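This report concerns only the one structure given below.
Bear in mind that the values in this text are calculations on the coordinates, not laboratory data. Being a predicted model, the structure only gives us computed values, none of them experimental. Cβ coordinates were reconstructed from backbone atoms using ideal geometry, including for glycine residues, and neighbour counts include every protein chain displayed.
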Ligand code: OOG
Ligand code: NI
């Protein structure tokens, strides 16, 4: 029997290779990684309790390899093949994000590992957007874009063969996995030569900058990678000192004692030279690639998420100014005073998800009493601890903010709210996981394990 490389290992290799490639393509990303590493070291030194908690939750080891990336594709064929490619690395489509409301003609999902064990080994995720040509008003332009996209093939022949091999055999050998990583990498590489002439590029660019980005190049270049920081405000403040043009505001919830969901910011996309084919002397520039940082907190239940959405909407609708207005962070802070900021309160009010861990099975309580004790009693009694479950997904309003500040333009396009999850899933060739259901089952599973261990020790 041939031994297959575990998909988690293929993903870890791939994420490392992507990071190395992007560091070469966009040197500022390397500076960002260094900055984040410094900030994280300082936080862990200053907060030994946090360091211990992360150690205990098995999260410390993944901190340095933690990152996500993003790509944008143009066709059903590209999206469904990506699903098969990411499956080789144990990554599945989680969540549906409609960004048309925010003026970006795409809808998206995130490919990521789903089990706790796989997330702890390597949480690499790829936010993947599909261009919605149906939102382009001009029919001739829509057809032209579709015709250009129909001609390209974003995967190498060998990558396609290895995907098929993985599906047929159920895994890849070490040599195949190595080859797969380097072949898959080709899909995400930057190509400075456009596939269309300058006039076509300009026309598509005028329709929407994002359309040009998706349609005019050989492949879906990785447009950013994002390490995880333990203090996003410190990292944001450090960016200008390291020569980075930081985005104005941090997206997501405000700074809190107990972080929730996801906070994100980026250095703005760089202007890069573009050449046009056929020996044309035309030169242009293209703005697409940037670096981002994120700070992750506890995953919220549907109830917690509804409260988050409500508070955020309140802040953003004040004076209808969105996140661009002055005092945004202050107003955010004020509005979120209504969101409990201790883990105990969030847990008791059912706002966030926790993993229950038996920590002291032979405590001073009669075992049969423990077996049916209320979970809160067990926590108070010190037999069980509740660890926050990290939010592994994305936030549509934040993602829109990241898109907007990196498309390089001031203009805002408006599309009507246009959820099309079923059409997206048809193009993907699979249903996306409901992210909240995944957290719920992690929490339930941990409770079941605690109960099982207690009743085993009671007999
Ligand atoms: C994706 C932007 C969204 C995030 O972290 O929310 C994103 C893109 O620009 O393609 O990456
Ligand atoms: Ni991102």
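Determine, for 151, 206, the number of other Cβ atoms within 10 Å of each Cβ, and report the residues in order from fewest to most.
Ordered by Cβ neighbours within 10 Å, fewest first: 151, 206.
In nanometres, what is the gap between the two model label sites at residue 186 and residue 206, each 7 Å from Cα along Cα-to-Cβ?
That separation, rounded to one decimal, is 3.7 nm.
Nearest 10 degrees is fine. How inclined is helix 302-317 to the longest principal axis of the chain, computing both from alpha carbons?
The angle comes out at about 50 degrees.
What is the distance in Å between the Cα centroid of segment 229-307 and that of segment 1-29?
Rounded to whole Å, the Cα centres lie 21 Å apart.
Note the full-extension length gain between residue 313 and residue 137 as 0.36 nm times their separation in residues minus their Cα-Cα distance, in nm to one decimal.
In short, 60.5 nm is gained.
Stretched out fully, how many nm does the piece from residue 457 to residue 372 gain, at 0.36 nm a residue minus the Cα gap?
Taking residue 457 through residue 372 to full extension adds about 29.4 nm, to one decimal.
Cα atoms only: what Rg and Dmax, in Å, come out for the chain?
23.2, 83
Per 0.36 nm of contour for each residue apart, how much would the distance between residue 161 and residue 329 grow if the chain were fully extended, relative to their Cα-Cα spacing?
This chain segment gains 55.5 nm when fully extended.
Using the count of nearby Cβ atoms within 10 Å as a rough guide to exposure, how do 63, 210, 332 rank from fewest to most?
Ascending number of Cβ neighbours within 10 Å: 63, 332, 210.
Return the distance in nm (one decimal) between the two label points of a simple spin-label model at residue 421 and residue 447, each offset 7 Å from Cα along Cα→Cβ.
2.3 nm
Please rank 301, 342, fewest neighbouring Cβ atoms within 10 Å first, as an exposure proxy.
By the 10 Å Cβ count, ascending, the order reads 342, 301.
Taking a label point 7 Å from the Cα of residue 76 along the Cα→Cβ vector, which residues of segment 422-449 have an amide N closer than 16 Å to it?
Under 16 Å, as judged by backbone N against the label point of residue 76, lie 422-431 of segment 422-449.
Over all alpha-carbon pairs in segment 160-248, figure out the percentage whose distance exceeds 17 Å.
Considering segment 160-248, 69 percent of its Cα-Cα pairs are separated by more than 17 Å.
For the chain, what is the relative contact order in percent, using Cα pairs closer than 8 Å and at least 6 residues apart in sequence?
20 percent
Treating the angle as unsigned and between 0 and 90°, give the value, to the nearest 10°, between the Cα long axis of helix 76-88 and the longest Cα principal axis of the chain.
The answer is roughly 40 degrees.
To test your reading of the geometry: what angle, between 0 and 90 degrees and rounded to tens, separates the Cα axis of helix 7-25 from the longest principal axis of the chain?
Approximately 50 degrees, to the nearest 10.
For residue 55 and residue 282, what does the FRET efficiency come to when R0 = 60 Å and r is the distance between their Cβ atoms, rounded to the nearest 0.05?
0.60
With r defined as the distance between the Cβ atoms of residue 306 and residue 268 and R0 fixed at 45 Å, what FRET efficiency is calculated, to the nearest 0.05?
The formula returns an efficiency of 0.90 here.
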